[in-house]
Amino acid sequence: MTFLGMPPFPQAAREALGDTQLRRNLAHATATIRAKRAAVVAEVPEWEELRRAGAAIKDNTLRQLDRHLLRLERSLTDHGVTVHWARDAAEACDVVGRIARSHGVDEVVKVKSMATQEIGLNEALAAQGVTAWETDLAELVVQLGDDLPSHILVPAIHRNRAEIREIFLSKMEGTDPELSDEPAELAAAARRHLRQKFLSARMAVSGANFAVADTGTLVVVESEGNGRMCLTLPEILVSVVGIEKVVPTWADLDVFLQLLPRSSTGERMNPYTSTWSGVTPGDGPQEMHVVLLDNGRTRALADEIGRQALRCIRCSACLNVCPVYERTGGHAYGSVYPGPIGAILNPLLKGVGTDAQTDSLPYASSLCGACFDACPVRIDIPEVLVHLRSQVVDVRRGPRPHAEAVAMKAASWTLARSGRLRIAERVSAVFSRLGRRRLPGGRRAVTRLPWPGSLWTDARDLPAPPAESFRKWWRRDERS
Amino acid sequence: MNARDEILAAARGALAQARSEESEVPGVHRKPVKLPDLVGLFVERVADYGVVVRRCAESEVAGAIAEALADARTVAVPDGFPHPVTGPAPSGPRTADAVVTTVAIGIAETGTVVLDHGPGQGPRVFSLLPDIHVCVVRGDQIVPGVPAAIAGLDPLRAQTWISGPSATSDIELDRVEGVHGPRSLRVVVVDA
Ligand code: SF4
């Protein structure tokens, strides 16, 4: 799913940079998680070796992907699971919707899953008269607030406690009006609200962090316990699994269950991990389905340099170390996959040349390389970015250079060197005093930028840079 | 072509060139690790999550369990639980304040208990709905790290790995414990 009507990255990033609350929350969140991650990674002397093992296992699996998928299909089937295959989002949503309707189910509970967000499952189910309840606290906040997630791991990081209280009071039935904005009280209110849903829902939808080919084991890694609820209480469980989630053997999990929690939340181990290999009689859901999802993954697989992005275990470490992400937030990427991984995964899954939003993403980076160093499966994100930029330029190269392509190159050139950024900001600050008009909604617009930005602003209106440029703000904030 | 055949064909087509390569998987991390004080490290790492841990001798287990259940009115006891449970009234998992279980394995490095829902542990719902979970771990069930745990567990059994109480940092990164699972985890380690 692409967020509808999202402007391309440079423009969305400018808007986000104007939002001080978002910047503060993000800076706090990423700094906190970075420090925790560094501490628990330092505890593991063989960390580098683990990273190499994780990368090699994934590479070897991807090279034989069709075989491992067939093996997985057989193991799942042997353990009482019905396997479905979905070429794209629509097909996957259709499978899940049909299962719900065939059981007369009009409400499902959901475990946070990137794959189901990617395919826009909630919206698709709603169109079929099935309500999907997000049960992860942050996802619940995002869903009730009619909002978009901004971070893989902490999707509501752009909301503060007062806003969350407001959302609960106005959108969560039966919330006590006396509710305070203490995080513990807010979490308790969500617990009460969702406990009812867990106990009454007949069907759950999950993703999976890993799918083991030779045993048919699915693995869900989580913190809150909503996953355990969804995987245990309902009668019917449908898991939507990207085809790149397959690992060959149970033994391979030892590498990933060390890499993932330390990279992700910066813990030695996340609070809860659930594993199951099909139906257990008398324990948990008695009807299980797995939807194996392509949705662009075989396209990415065909890209020899881009292929490595399919190693991603969605830990979000690359987001937390990314200087561009920290300043712009996740929304600017216009996708459920933000940050450095989003900047490569979205174009790889969709293909370049389909829309300006996706084509602008490989430029959402300064190529500083911090993401590669943090990545537990050693995805060389800068290498893939450069590779995709050349693809974008190629595909957009008409008889004349495409204005957008040049402007996006300029944007990345600007982000790449702090000195240039400082100059460009000063120039655009001067400029924004000159050429302003109003955008619909009263936002000021810069109608033209100096060259090479002019190539961009000739094509569209750009919201004015905030009065205080982010770098000025950053310097001030660092001192205080 | 149906979806299955088309996806498999696309994967084969994408991989035509890459088939023959194979990356070497380094394996030093799978070498058996010897830790001087396995049980001590486990106790320390479990406590790091803010969990109350009580280490005791075999003869003290019943007392330690009763102590851990002091604030519960009712308790769910799964079939095959090997220790006497006194104090709270017995109850089913959907209504009990607390549950007592054994475990399949404890992991020292990460302070994790793993349930495989065999005898003494109950089906998954037992350790999920009650607000207090008391786990009894024998010293000889503790392994050094994740590789030893993976090697020792049966993948065909449903498993729940538990490392501290459920938690969220979703609201301004403030840690709140006990979102959906048991809000309180208490661990009794029995020196075997
Ligand atoms: S690219 Fe690497 S660091 Fe980023 S989310 Fe994926 S696995 Fe984590």
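Please treat every number below as a calculation from the coordinates, not as lab data. Just so it is clear, the structure is predicted and the values come from calculations on it, not from any experiment. FYI the Cβ positions are ideal-geometry reconstructions off the backbone, even for glycines, and counts take in every protein chain you see.
Worth pointing out:
- Relative packing of peptides A:356-367, A:63-74, B:59-70, A:129-140 - highest average C-beta neighbours within 10 Å first: A:356-367, A:129-140, A:63-74, B:59-70
- Separation of segment A:30-92 and segment A:254-305, taken as the distance between their Cα centroids, equals 7 angstrom.
- Pairwise Lys count, segment A:44-295 - Cα closer than 21 Å, eight or more residues apart or different chains: 8
- Inter-chain Cβ neighbour count for B:143-151, averaged per residue, equals 4 (cutoff 10 Å, partner chain atoms only).
- Cut-off under 5 Å, modelled amide H: who pairs with residue A:108 long-range: A:131, A:132, A:133
- Partner aspartates and glutamates whose Cα lies under 13 Å from the Cα of residue A:36, excluding those fewer than 8 positions away in the same chain, are identified as A:267.
- Inter-site label distance for residue A:35 and residue B:57 at 7 Å from Cα along Cβ, in nm: 4.4 nm
- Cα gyration tensor shape of segment B:35-190, rounded if a/c is under 1.5, else prolate or oblate by comparing a/b with b/c: rounded
- Taking a point 7 Å from the Cα of residue B:192 along the Cα-to-Cβ direction, the residues of segment B:116-132 with backbone N closer than 16 Å to it are B:116-121.
- Simple label model, 7 Å out from Cα along Cβ direction - residue A:67 to residue B:70, nm: 6.0 nm
- Rounded to 0.05, the FRET efficiency of the residue A:200 and residue B:174 pair, given R0 = 45 Å and the Cβ-Cβ distance, is 0.90.
- Shielding of B:128-139 by partner chains, average beta-carbon count, 10 Å: 1
- Dipole magnitude for segment A:107-199: computed about the Cα centre from +1 point charges on Lys and Arg Cβ and -1 point charges on Asp and Glu Cβ, it is near 280 debye.
- Residue mean of other protein chain beta carbons inside 10 Å, B:21-34: 5
- For segment B:138-192 versus segment A:311-362, the gap between their alpha-carbon centres in whole angstrom: 33 Å
- Label positions at residue A:251 and residue A:42, each projected 7 Å from the Cα along the C-beta direction, are separated by 3.4 nm.
- At q = 0.09, 0.11, 0.16 Å⁻¹, base-10 log of I(q)/I(0) for segment A:44-295 (Debye sum, equal scatterers on each alpha carbon): -0.41, -0.61, -1.23
- Backbone N within segment B:155-192 under 15 Å of label point (7 Å from residue B:37 Cα along the Cβ vector): B:191
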